[in-house]
């Protein structure tokens, strides 16, 4: 009986993944590139595609997103703002850390509805981390950057205890922070195993996806701004790294690789381009099947800059990429992409129970509905 139950669950998961892929493949563009205020009529539109959730704020850009499940998500953004929902986005609690109004939160990692870590970006002491264990009722500042040359962009966790944060290059090398107690304390890792940064190279704090992990030890770091875009990979939790060039154009401080996502330790997708409005972004996506040792340009990439990317749960081939001008879907693991929505989002994340969330400018948060 237990075996039959497992079989039924696997069949159900397979059907759900297939239904999501079919709906995404046929979904029309529904939102405008310049998003209007969220209204009840807009939230009640099509039964499939992104469904906007009223966060109650319109003057905050949420570049940080942590999806826990279909009901629970955290977003973090400008003006030191952190929101949390536990009912699928019907209501949101403002759980911003006290006194953080002048900070720019660009990443949030949540372990459940009570425990989360947020990262504020900026030069010197503007880069900070905060941790909560009670759903945001109270926060502890656990790191304040003492080095004026450092600028932290993204963070990631392998599990509820072990995580990393990355800074733009300091003295020619990317700086990596490490925690082994869930973000309560941090230490700077040695740089002997870090390749030299290229002239002008940096990470982009655009979606919380310039540093991502998969499994217990593998982590990838996305870069731009230099003569070529690169992705650095570590298989030992950030002690040693190897860098690989990508086809995504760089050569300018506004261009490069903005976000990466891995569905396992070998299969990944990278997205990016030129974040300046109206600028062309050719070859804005690439894929790997060997953990990032080699990358291949998408044959038909998104036509515009994309900052966030995620794999759909229980699928080996379907992924979403988002940016200020819309959402694209791939049904063949990044070989080709097609635009399915014109709404503005900066980052995107999916959970195992088909909870796919996106967030961005003007307080926008949406969940994928089927």
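Where a number appears in this text, it was derived from the coordinates with a stated rule and is not lab data. Quick caveat, the model's predicted, so the values are computed rather than measured. Cβ placement follows ideal geometry from the backbone for every residue including glycine, while neighbour counts extend to all protein chains displayed.
Brief remarks follow.
- When 194, 166 are arranged by Cβ crowding within 10 Å, least crowded first, meaning fewest neighbours, the order is 194, 166.
- The separation of the stretch 247-306 from the stretch 83-115, counted between C-alpha centres, amounts to 29 Å.
- Semi-axis lengths, Å, the stretch 297-370, gyration tensor of Cα atoms, sqrt of 5 times eigenvalues: 18, 16, 8
- Order of 91, 317 - criterion: other Cβ atoms within 10 Å of each residue's Cβ, fewest first: 91, 317
- Cβ-Cβ FRET estimate between residue 283 and residue 137, R0 fixed at 41 Å, reported to 0.05: 0.35
- Extension gain, residue 266 back to residue 353 (0.36 nm per residue minus Cα-Cα distance, nm): 29.1 nm
- Cα centroid separation, the stretch 131-170 to the stretch 332-370 (Å): 25
- Secondary structure note: in the stretch 241-370, about 95% of the DSSP beta bridges are antiparallel.
- Based on C-alpha pairs under 8 angstrom that are at least 6 apart in sequence, the stretch 226-370 has a relative contact order of 15 percent.
- Potential extension, residue 227-residue 338 segment - 0.36 nm per residue separation minus Cα distance: 37.1 nm
- Per-residue Cβ neighbour counts within 10 Å put 60, 322 in the sequence 60, 322, beginning with the fewest.
- Structure remark: mean-square fluctuation, Gaussian network model of the chain, C-alpha springs under 10 Å; the largest value among 321, 150, 352 belongs to 352.
- The residue 242 and residue 112 beta-carbon pair, evaluated with R₀ = 30 Å, returns a calculated FRET efficiency of approximately 0.35.
- Approximate spin-label separation residue 216-residue 58, in nm, with each point projected 7 Å along Cα-to-Cβ: 5.0
- Between residue 87 and residue 144, the contour length at 0.36 nm per residue exceeds the alpha carbon distance by 17.2 nm.
- Among 57, 108, 68, residue whose mean-square fluctuation peaks in a GNM of the chain (springs only between Cα atoms under 10 Å): 57
- Helix-only mean residue ellipticity at 222 nm for the chain, each DSSP H run of n ≥ 4 adding -39500 (n - 2.57), per residue, nearest 500: -2500 deg cm²/dmol
- Fluctuation leader among 345, 275, 305 - the chain, Gaussian network, Cα springs under 10 angstrom: 275
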